[in-house]
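Inspection log for the structure reproduced underneath, given as structure tokens.
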Amino acid sequence: MNNYITGLFKTQEALTEKDYKDSEHLLMVDGIFAMGMGALCGGPFLAAFALAIGASNYEVGMLTTIALLSQLMQLPGLFLLRWLPRRRAITTILATLSRFCWLFIAFIPFLFKGRGMSFMIQWFLISAVVGSACGPAWNSLLREIVPSTQIGRIFAKRMALGSVLTLLLTLVGGYFVDTWKSISPDSMLYSYSILFVLGLLLGLVSSAALARVPDPTMRNAAQTPMMETLVTPLKDRNFRQLIVFSALWNFALNISGPFFIIYMLDSIKISMTMVTLLTVVGQLSNLAFLRMWGTFTDRYSSKPVLVVSGTMYLVTILAWSFTTMPDTYFLTIPLLFVINIVGGCACAGINLASTGIALKLSPNDKAAAYMTVLGLIGAAAGSLAPLVGGLLADFFASRELALSLTWSDPNRQLSVSAINFRALDFVFVISFVVGLYSMHRLRFVKEEGELPNRDVIHDLVDHVAVPLRQLTTIDGVRHLVFDNIVKLLQSAGKHLHLTHDHHTPDVRPTT
């Protein structure tokens, strides 16, 4: 054990070709098993477990806020990295400690059922804080072991393989919980404990892979004063534009994101089984489009991919407001499936492109500081958003905006609801508007290697449109949904173009 721990702190002067190949393999193992842990210890299982032990909607939302606010621990993590420039050791040790916290959460039904939610929040907070602290070390290490020309391919493959395991675990986990509940309803909580323990075991496999990743010796790790290190990214005009976009984007997404499951359960009133099924559909879509987005990221650069995939996701946020008119109707369930299909496709592109452009704009020797500042500001904006979203939902709870189309004749009167917004519907619309503005801000970012031709977005849209149109053979649905999405994306390509005439260019492991 001593030799194992000592080995974590060893570094090497330079990476060989074999080191790069080994790194790619180890990154795959890390990503697959870390995403597997995320599937069992997050998503619908985490929300369902919280509700089962008596959590209120506010407490469920608090879990999202904790996850975002914990990103502020990247600042102490940066201090730690400067004091101890051993990136592999920091990442492996902190990620492993963070994952072990889930053992205490898994024990709640056995030992702490009486104060389950407070105990869960306590250990979820500790896990998130410890895990986030390794962010600077992990981002800096990634920047050196992943060649910039292969970011799209490597991360697309990593996410694709991880998504396969996530999909299987979500399906099997949902079936396992439902079966346990049907056999022994009184002990249903134990099924979640088993899932959390299995998730922990998957996380430990990820940690074992992290421990073997080569760690090049850091150069000039602590020569620059800390304040100057943090201010440098803000002085970089181009990176500052990326920070503005990231803050706005995180705020836009987190105004509405934490409330999707609540909306399905409370407003649309569908079962947890249907929620799980919709989650799986989104994961399948994410998996199906990962390779395509990875290819486009390497071919066109990250920025146009982010414009197209980001706009697609904003469309799905707006679509939530039309799933009830004002109550459920015959298109509610089909629309939910479309939202998850298109949203899954968009998330694949967003995750790849956002990681790629952030790494590309971070200098090799300052990647930790750049990524830390980006993460801190993005997390601050994102953590504020759920609170704003909750306040907006409460404000609009007693308000309604309706628009109806009415036809009357001497014998009858027919009225059809065209628009009906209530409570969270307004939150989704506001989220959409803020997201559009963040897309506008993205055009001020200059990415190395991007093609200075706005038609590249139209080319991208055409490529994305082909598989989307093939998702259904019904001409009416194809025209009403997917063709209109394509038109909106093409319009976005016209206004949110790649270059700006007056602009002069100057992930931690999942726990």
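Here is a check on your reading of the model: is Ala385 closer than 24 Å to Phe296 by Cα, in a helix (DSSP H, G or I), under 17 Å from the mean Cα position of the chain (by Cα) and modelled with pLDDT of 80 or more? Break it down into steps so the answer makes sense when it comes.
Details: closer than 24 Å to Phe296 by Cα: no; in a helix (DSSP H, G or I): yes; under 17 Å from the mean Cα position of the chain (by Cα): yes; modelled with pLDDT of 80 or more: yes.
In short, no.
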Scanning for something modelled with pLDDT of 80 or more, more than 27 Å from Leu230 (Cα to Cα) and assigned to a helix (DSSP H, G or I), does the stretch 1-16 turn up at least one residue? no
Val281 being surrounded by 23 or more Cβ atoms within 10 Å (Cβ to Cβ), in contact with a helix residue (DSSP H, G or I) (Cβ under 7 Å, 6 or more places away or on another chain) and at pLDDT 80 or above: no
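Would you say Thr170 is surrounded by fewer than 16 Cβ atoms within 10 Å (Cβ to Cβ), modelled with pLDDT under 85, within 25 Å of the chain's Cα centre (by Cα) and assigned to a helix (DSSP H, G or I)? Don't jump to the end; show me each part of the working.
Numbers: surrounded by fewer than 16 Cβ atoms within 10 Å (Cβ to Cβ): no; modelled with pLDDT under 85: yes; within 25 Å of the chain's Cα centre (by Cα): yes; assigned to a helix (DSSP H, G or I): yes.
Here the answer is no, as Thr170 does not meet what is asked.
For the stretch 22-43, check the following and say yes or no: at least one residue is farther than 23 Å from Met188 by Cβ, assigned by TED's automatic domain parsing to the domain that holds Leu198, small (Gly, Ala, Ser) and at pLDDT 90 or above. Outline the logic, then answer.
So the first thing to find is which residues in the stretch 22-43 are farther than 23 Å from Met188 by Cβ, and the list is 22-35.
From what's left, assigned by TED's automatic domain parsing to the domain that holds Leu198: 22-35.
Now restrict to residues that are small (Gly, Ala, Ser): 23, 31, 34.
Filter once more, keeping what is at pLDDT 90 or above: 34.
Yes - at least one qualifying residue is present in the stretch 22-43.
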Of (1) assigned by TED's automatic domain parsing to the domain that holds Arg143; (2) outside any helix (DSSP H, G or I), Met218 satisfies every one except (1)
Assess whether Ile268 counts as being of a type in the set (Val, Ile, Thr), surrounded by fewer than 19 Cβ atoms within 10 Å (Cβ to Cβ) and at negative phi. yes
Just one of (1) over 30 Å from Met274 (Cβ atoms); (2) surrounded by fewer than 18 Cβ atoms within 10 Å (Cβ to Cβ); (3) at pLDDT below 85; (4) under 22 Å from the mean Cα position of the chain (by Cα) trips up Leu111, so point out which. (4)
The one condition in (1) closer than 23 Å to Leu142 by Cβ; (2) modelled with pLDDT of 85 or more that Pro216 fails to fulfil: (2)
Check Leu204 against each of (1) modelled with pLDDT of 90 or more; (2) among the hydrophobic types (A, V, I, L, M, F, W, C); (3) touching a helix residue (DSSP H, G or I) at 6+ places or on another chain (Cβ under 6 Å) and name the one condition it does not meet. (3)
1 or more residues in the same structural domain as Gly203 (by TED's automatic domain parsing) and farther than 30 Å from Tyr190 by Cβ: qualifying helices (runs of 4 or more DSSP H) within the stretch 68-157: 74-83, 87-106, 116-133, 135-145
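Kindly establish whether Met37 is closer than 24 Å to Ile154 by Cβ and buried (at least 21 other Cβ atoms within 10 Å of the Cβ). Walk me through it before giving the result.
On the way: closer than 24 Å to Ile154 by Cβ: yes; buried (at least 21 other Cβ atoms within 10 Å of the Cβ): yes.
Considered against the rule, which asks whether it is closer than 24 Å to Ile154 by Cβ and buried (at least 21 other Cβ atoms within 10 Å of the Cβ), Met37 comes out as yes.
The values are calculated or read from the model by the stated rules, or taken from the named source; none is laboratory data. Quantities reported herein were computed from a predicted structural model and do not represent experimental measurements. Reconstructed Cβ throughout: ideal geometry from the backbone, glycine too, with neighbour counts over all protein chains shown.
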